[in-house]
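Working notes for the structure below.
Just so you know, all these numbers are worked out from the coordinates, no wet-lab data involved. Since the structure is predicted, the reported quantities are computational estimates derived from the model, not experimental observations. Cβ: placed from backbone, ideal geometry, glycine included. Neighbour counts: every protein chain shown.
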Amino acid sequence: MRYSPVLAEGLMSKPPITASEDASIDDVARIMWENRVGCVLIVDRENRLVGVLTERDMLYASAHLLFGRDVKAGSIMSKNLVTASPQDDVLSVVEKMKDFNIRHIPVVGRDGTPLGVISTRDILDFGMRMLSLFIRPD
């Protein structure tokens, strides 16, 4: 029996939570809190992905006393982006997350526009759904 692969577009959380490069990290922290997310995708004026700001980045900023309205998201965001396309299969997404030691992977369109995010929580939820198909309580 053949199974269709589960694709990134079916697993990602959407819409993506975004902020501009010029947003203060105070504003980004508020966006994270209000949306209950661990990362915010940073976009340019054309809504193309230019960075990711995660809880880890915020901890780094806090440890280096980089908080306030004058500290911009673009100055502390992760710029070495690892992304997925909507048609990537889940296994390749998980391998990227493992290989690059990241907990969030943006899913982007061909034009660089963010479409969603896959987090380790999304992967765990998917895994639990798959396990529940095979493991049933007596």
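Points worth noting:
- Taking segment 121-138 as the range and being closer than 19 Å to Ala84 by Cβ and either in contact with a Gly (Cβ under 9 Å, 6 or more places away or on another chain) or aromatic (Phe, Trp, Tyr) (or both) as the test, the residues that pass are Arg121, Phe126.
- Residue check, Val52 among the hydrophobic types (A, V, I, L, M, F, W, C), under 13 Å from the mean Cα position of the chain (by Cα) and closer than 18 Å to Ala19 by Cβ: yes
- The residues on offer are Leu91, Leu11, Leu53, Leu59, and the sole one that is among the hydrophobic types (A, V, I, L, M, F, W, C) and over 19 Å from Asp122 (Cα atoms) is Leu59.
- Unmet criterion (only one of (1) surrounded by 14 or more Cβ atoms within 10 Å (Cβ to Cβ); (2) touching a Leu at 6+ places or on another chain (Cβ under 7 Å); (3) not in a helix (DSSP H, G or I)) for Asp122: (3)
- Taking segment 1-109 as the region of interest, the strands (runs of 3 or more DSSP E) fully inside it that hold 3 or more residues being surrounded by 15 or more Cβ atoms within 10 Å (Cβ to Cβ) and in contact with a Gly (Cβ under 9 Å, 6 or more places away or on another chain) are 39-43, 49-54, 104-108.
- First in segment 109-131 and in contact (Cβ under 8 Å) with a residue 60 or more places away in the chain and within 14 Å of Ile17 (Cβ to Cβ), second anywhere and outside any loop (DSSP other than H, G, I, E, B) and among the hydroxyl-bearing types (Ser, Thr, Tyr), Cβ under 8 Å, 6 or more apart: Pro114/Thr18; Gly116/Ser13; Val117/Ser13; Ile118/Ser13; Ser119/Ser13; Asp122/Ser13
This table checks each residue for (1) in contact with a strand residue (DSSP E or B) (Cβ under 6 Å, 6 or more places away or on another chain); (2) free of Cβ contacts under 8 Å to residues at least 24 places away in the same chain.
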position	(1), (2)
Arg30	no, yes
Asp44	yes, no
Tyr60	no, yes
Val71	no, no
